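Scroll down for the structure; my scribbles are underneath it.
The values are calculated or read from the model by the stated rules, or taken from the named source; none is laboratory data. If you're wondering where the values come from, they're calculated on a predicted model, not measured in any experiment. Every residue, glycine among them, receives a Cβ derived from its backbone with ideal geometry; neighbour counts consider all protein chains shown. We work out accessible area using only protein heavy atoms, side chains counted, and drop any ligands, DNA or RNA first. Shrake-Rupley method; radii C 1.70, N 1.55, O 1.52, S 1.80 Å.
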Amino acid sequence: MILSGKDLASRLKENMRLYVKDLEEVTGTTPHLAVIIVGNNPASQSYVKGKSKACEEVGIRNTTITLPEDVTERELIQTISGLNLDPDVHGILVQLPLPAYIDEHRVMNCISSRKDVDGFHPANVDALYTSKYTGTIPCTPKGIIHLLRDANIDIAGKNAVVIGRSNIVGLPVAKLLLDENATVTICHSKTQNLKDITSKADILVVAIGKAKFVTEDMVKPGAVVIDVGVNRVDGKLVGDVDFNTVKDKASYITPVPGGVGPMTIECLLENTIYCFTLQYF
Ligand code: GUN
């Protein structure tokens, strides 16, 4: 079965549109997301356009601030500081990656935790890893849990294997799966006997950025396969999973495009509204 993030995101966005209207009536203000993009990386530009379009669909105001490729770290942080102080901005997102000479970690930490729609600020990271859930949760991991829950997939007690250990996806999705009482294994580039581990996974999450890396022989029959990869091959988007061979072995699989990606954007909207409510209620 195909787990369509596109369908779920569009259902959730319909409800969200009504919720944004209600919030407007109660507060007299419309949630506002500011997105900063540095330089003209075509992939980043395309992601930012997608985010902006999704905001418009649900009635969230959005402003894209484009800074030149050679912007200094100081100028970037000054821009963020202005947005932190602006009561008319409720969420801030700095599109990654940033140019190599900029300290990404330092920049992201400058975003107010209360406007941090990515869930990358130390206060939000703390809330996640201590299971307090009092902050924003990174969008892609949150979207994956929505997809599993919406399809009524049992997580508790299942073997969940995550390939990839990034701060954006691998680590936080492992933590969320653990909180759903899965038995979680995190694999990475130094993992030995990867296939032995993935073949025992009831739920397999792949987030490594290598086109068609997971093949049919690595997947347990009936597994739920979540493909986070977005790789461009010959002008086409391809996931980290070899979809055509794995789809017949898996019970559920997310396609690329149309799987995890739309849910990431949907959760960005959820996080923007969450940050808005922090400032109003
Ligand atoms: N670039 C790729 N993924 C992400 C993300 O989740 N957040 C931000 N800010 N930039 C990204």
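Looking only at residues that are more than 13 Å from residue 61 (Cα to Cα) and of a type in the set (D, E, K, R) in region 13-24, which one is least open to solvent (accessible area, probe 1.4 Å)? Result: 13. All of (1) under 23 Å from residue 254 (Cβ atoms); (2) over 20 Å from the mean Cα position of the chain (by Cα); (3) buried (at least 18 other Cβ atoms within 10 Å of the Cβ) hold for residue 47 with one exception: (2). If you go through region 84-109 and pick out every residue that is surrounded by fewer than 20 Cβ atoms within 10 Å (Cβ to Cβ) and under 28 Å from residue 28 (Cβ atoms), you end up with 5. For region 216-249, a tally of residues being more than 19 Å from residue 177 (Cα to Cα), touching a residue at least 40 places away in the same chain (Cβ under 8 Å) and not charged (D, E, K, R) returns 0. Within region 172-196, being of a type outside the set (S, T, N, Q) and touching a Gly at 6+ places or on another chain (Cβ under 9 Å) holds for 172, 173, 182, 186, 187, 188.
Screening residue 98 on (1) out of contact with any Pro (no Cβ under 7 Å at 6 or more places or on another chain); (2) part of a helix (DSSP H, G or I); (3) not β-branched (Val, Ile, Thr) shows it passes everything except condition (2). If the condition is being within 16 Å of the ligand (Cβ to nearest atom) and not in a helix (DSSP H, G or I), then region 232-281 contributes 232, 237, 239, 240, 256, 257, 259. When you look at residue 38, is it within 12 Å of the ligand (Cβ to nearest atom), open to solvent by less than 30 Å² (accessible area, probe 1.4 Å) and over 20 Å from residue 267 (Cβ atoms), yes or no? Taking the combined requirement at face value, the residue satisfies it. For the structure I just gave you, tell me whether residue 46 is touching a strand residue (DSSP E or B) at 6+ places or on another chain (Cβ under 8 Å), within 16 Å of the ligand (Cβ to nearest atom) and in a helix (DSSP H, G or I). Taking the combined requirement at face value, the residue does not satisfy it. How many residues does region 72-95 hold that are β-branched (Val, Ile, Thr), more than 20 Å from residue 17 (Cα to Cα), within 16 Å of the ligand (Cβ to nearest atom) and not in a strand (DSSP E or B)? Adding up the residues that qualify gives 3.
One line per residue, one yes/no per condition, for (1) surrounded by 15 or more Cβ atoms within 10 Å (Cβ to Cβ); (2) over 21 Å from residue 118 (Cβ atoms):
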| site | (1), (2) |
| --- | --- |
| 3 | yes, yes |
| 11 | no, yes |
| 26 | no, yes |
| 54 | yes, no |
| 65 | yes, no |
| 77 | yes, no |
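Out of curiosity, is residue 208 modelled with pLDDT of 95 or more, open to solvent by 30 Å² or more (accessible area, probe 1.4 Å) and within 16 Å of the ligand (Cβ to nearest atom)? It is true that residue 208 is modelled with pLDDT of 95 or more, open to solvent by 30 Å² or more (accessible area, probe 1.4 Å) and within 16 Å of the ligand (Cβ to nearest atom). Filtering region 120-132 to residues that are within 26 Å of residue 224 (Cα to Cα) and part of a loop (DSSP other than H, G, I, E, B) leaves only 131.
Residue count for region 133-173 satisfying the condition of being free of Cβ contacts under 8 Å to residues at least 40 places away in the same chain and either away from the ligand (no atom under 16 Å from the Cβ) or part of a strand (DSSP E or B) (or both): 7.
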